[in-house]
1. Could you pull out every one of the lysines with an alpha carbon less than 26 Å from that of LYS239, ignoring same-chain neighbours closer than 8 positions?
2. Rounded to the nearest 0.05, what FRET efficiency do LYS186 and GLN260 give with R0 = 25 Å and r taken as the Cβ-Cβ distance? Could you check?
3. Given +1 on the Cβ of Lys and Arg, -1 on the Cβ of Asp and Glu, and no further charges, what dipole in debye does the chain carry about its Cα centre, rounded to the nearest 20?
4. Return the calculated 222 nm mean residue ellipticity for the chain, to the nearest 500 deg cm²/dmol, obtained by summing -39500 (n - 2.57) across DSSP H runs with n ≥ 4 and dividing by the residue count.
5. For GLN172 and GLN75, FRET efficiency with R0 = 35 Å and r from the beta-carbon atoms, rounded to 0.05?
6. Name the shape class, rounded, prolate or oblate, that the alpha-carbon gyration tensor gives for segment 179-225, where a ≥ b ≥ c are the square roots of its eigenvalues, rounded holds for a/c under 1.5, and otherwise prolate holds if a/b is larger than b/c and oblate otherwise.
7. Enumerate the whole-percent occupancy of each 10 Å bin, from 0 to the last occupied one, for all C-alpha pair distances of the chain.
8. Under the rule a/c < 1.5 gives rounded, and otherwise a/b versus b/c splits prolate from oblate, where does segment 66-108 land using the Cα gyration tensor?
Amino acid sequence: MLPLNQLCTLNCYQDGFELSDALVNQYAEEGAILVKGLFSPDEFLPIRNSLAGRLALLESHFGATVSQDADEITQISDRLRELESNHPGAQSILYDSMNAAPALHSMGSHPKLLTILETLLSPEISIHDRYIILMSMPHAEWHLASWHQDWYYNEGPYSTITLYAPLQKTDQNNGSLTLALGEHRKAPVAHDEHNHGINTKWHSLPPDVVDQYDRVVPTELEVGDVLLFHSLTPHTPCKNQSEYVRFVLNLRYRDLRDPQFLKEGWRIRDITHARRAMSRTAS
């Protein structure tokens, strides 16, 4: 397993927000780039406020104690865990609601971020219509996406970029990602139900394929760091072994100049195999 510092990185406080040709070329080779300090922690406050405000509405709706001004990420985690414990399904409601939160849309189109994405893709990009805050509950498995390629679940251009930006420090203990660098240059791999040691609804890559990856890199991100990776880059989260929910901003960007995507009118067909997998309930 390679150390984190061998993953392509950019320190924004030092280097500004433009990618050098060397880093663009390294992204092309590796299929991932870790952008250190792209945002300040304070720039995530609107997202935390959105989570806290929606939680307060749900607490009131379910007759639970409404927490006032509890918008720190550990407080949000505690409130969500208690609400979900007493009212199963509350977490799912919050997850779906955050898709339409203006704070997510503002962050997803932040000029600092778009400068980097337009360098890696083109000046004409679109954002996937799902604006996601991943909520990995402690010790949970069913919603944990073991080894996979994002393209299997989203399709569109292969070059599509996934953004992964945590709202708290994220490492192997609380479920950060592990990437297989360089594998994005190969064709997509068929996914199916496979055993990677967890009970999950997600379809995944065959274990014998994963075993052949020779450049597997764990990641560790601080608040404000942004991980960007190619839609064919294989990756897996670790199980969240902490006592707090792991919250991550998760977005996808597509290149409108991609010839095949343009030919298809920038439309994505109904991805039935993904829908079937994701609609399954815990067994």
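1. Partners found: LYS36, LYS169, LYS201.
2. That gives a FRET efficiency of 0.90.
3. That gives the chain a dipole magnitude of about 660 debye.
4. After summing the helix terms and dividing by residue count, I get -9000 deg cm²/dmol.
5. Using R0 = 35 Å, I get an efficiency of 0.90.
6. In terms of gyration-tensor shape, oblate.
7. That works out to 6, 28, 37, 23, 5, 0, in percent per bin.
8. Oblate, because a/c is 1.5 or more while a/b does not exceed b/c.
Each value in this text was obtained by applying a stated rule to the coordinates, not by laboratory testing. Being a predicted model, the structure only gives us computed values, none of them experimental. When we count neighbours, we look across all protein chains shown, and the Cβ atoms used for this are built from the backbone with ideal geometry, even at glycine.
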